[in-house]
Every structure is written in C-alpha cells, then in structure tokens.
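J.: Let me begin by handing over the structure; questions about it come next.
Each value in this text was obtained by applying a stated rule to the coordinates, not by laboratory testing. Being a predicted model, the structure only gives us computed values, none of them experimental. Cβ placement follows ideal geometry from the backbone for every residue including glycine, while neighbour counts extend to all protein chains displayed.
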Amino acid sequence: MRTAVAALALAATAASHATFQELWVGSKDEVSTCARLPTNNNPVTSVTSTDIRCNAGGTKAAGAKCSVAAGDSVTVEMHQQPGDRDCSKEALGGNHFGPVIVYMSKVEDAASADGSSSWFKIFELGYDSSTKTWGNDLLNKNCGKQEVKIPADIAAGDYLLRAETIALHTASQANGAQFYMSCYQLTVTGGGSANPAGVKFPGAYSASDPGIKVDIWGNGFTEYKIPGPAVYSG
Ligand SMILES: [Cu+2]
C-alpha cells in the first residue's frame, strides 16, 4: 500500500515536469524546428553540470535555425509532454513555482555550438509579492508562452537562446531547485555592433545563491532574488 502511494506520488511529479519546446518569431509559429529538444522532461538539478547549458540531450543540433530581426520579439513555449500544446493543461505542473529567465549567446554556428560561450540575460520575471505571482504562474496562464524582445543593438549572426524556468517548491533543501531549460538555434539579422558581456554555464549559478537555495513557503519569504546577472536591455 505504502509502495503504491509512493509510486503514485512519483508519477504525479513526473507528469507535471515540462520542456521548453516551441518558438514563435513574431506571430509565426516555428513549432520545434529550431529547438534543441531535451531527452525528457526531467529537471537538471546540478548547477555545475554542463547540462545546465542546454539540458540533457540539448547539445544535439536540430539542424534548422530560426531567423529573427534584432529588436523583434520571439515567444518561447513550454509544455509537459512533447508536442502536446493543449492549453487546458498547465505548462509546468502544480507547485513548480519559480522565475522565468532567458539568455542569449553569440556563437559561430548555432547548429553546432556547445553552449560553452558566454551568455547575456535578456529577460527575467521573478516574484511579485503584491500579487503573490511567480514568473511561471504567468507562463501557465498564457498556455506556456513567454514573449521576449531580442535587443535591437546586438550584432547580426548566430545565437543560442536559452529559455529557463526554475521550480523552487523543494529549494529549501540543498540541490532542491529544479532547472528546466531548452536552447533554440537563432540567426539574428539587422542589429548593431553590441556584443554584451556575459556569464558562463556552468559558473553563472551557485547552489547557495539566494535565488536557488530558498524557502519560498516560509513566513519570512517576501522577496525573491532572481539568480544570474542583470538583464541586458540594449
Ligand atoms: Cu518537479
């Protein structure tokens, strides 16, 4: 009986996990053509693993690149199961509260880059204490979608875009935070000459960062500090 209950609890947890899997360029649905789909919907839990770059399996080149003009917007899209874009289901399942963060990295060839280059942050949405709303609450409300502006002044060329949400429901334990990320292969057109300074993965996060080892359920929790560098706004 106890085993059955434990198995059910495990199944429920696994079922609520998710991957960023589709991309929109403006209003054009590129589906998963330029997404590096993770092997499965399990989270990465080690900030020192190279999986923290583009997830397990995310080093494999999908082949295609999505073209986007600097200054335009893309929308990343997350769901629990591959290809299941049913908006009646939560993008990331119950209690997996946390921020949504997006980075970019300038690379030689987005189809083959391994994510070891430096990453600059272009978007973050943490916790609004006045409404008690998390970044990924909004993701769930919006059918898994988050729109993000590509900085207008960055140099043309290939980039990896890294979309991430961090589930913090068990983050008061060591290594309890769950990182869900996917990389998308982009070619940016237009733009300027900016080449923003960035951070490396692994390296950008520490397991003891206040936004990674955090008790979001405690009475003292009022403010959330999003991990990683400041947003580059262009
Ligand atoms: Cu989970």
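J.: From the phi angles alone, apply the Karplus equation (6.51, -1.76, 1.60; θ = phi - 60°) to the stretch 55-69 and give each ³J(HN,Hα) in whole Hz, x where the residue is Gly or Pro.
T.: 6, 5, x, x, 8, 5, 6, 7, x, 6, 10, 9, 8, 9, 7
J.: Counting pairwise Cα distances across the stretch 17-189, what percent come out greater than 20 angstrom?
T.: Numbers: 7001 of 14878 pairs.
Tail of the P(r) past 20 Å holds 47 percent of the pairs.
J.: Can you show me the helix-derived [θ] at 222 nm for the chain, built from DSSP H runs with n ≥ 4 at -39,500 (n - 2.57) apiece and divided by the number of residues, rounded to the nearest 500. Don't skip to the answer; put the middle values down first.
T.: Numbers: 3 runs with 26 residues, N = 234.
Computed ellipticity for the chain at 222 nm equals -3000 deg cm²/dmol.
J.: Ok, one more. Say a site is exposed when it is one of the GluC sites (Glu not before Pro), sits in a DSSP loop, and has at most 14 other Cβ atoms within 10 Å; what is then the longest site-free stretch of the chain? Numbers along the way, then the final one.
T.: On the way: sites that count: Glu108, Glu223.
Here the longest segment lacking exposed loop sites spans 109-222.
J.: Counting alpha carbon pairs within less than 8 Å and at least 6 residues apart, what relative contact order, in whole percent, applies to the chain? If you can, show how the numbers build up before the last one.
T.: Working: 598 pairs, mean separation 59.2, N = 234.
That works out to 25 percent.
J.: Helix 2-16: angle to the longest alpha-carbon principal axis of the chain, degrees 0 to 90, nearest 10?
T.: 20
J.: Using packing as a proxy for protection, rank 35-42, 126-133, 51-58 so that the peptide with the highest average count of other Cβ atoms within 10 Å comes first. Spell out each step's value before the answer.
T.: Working: 35-42: 19.4, 126-133: 13.1, 51-58: 21.8.
With the highest mean Cβ count within 10 Å placed first, the list reads 51-58, 35-42, 126-133.
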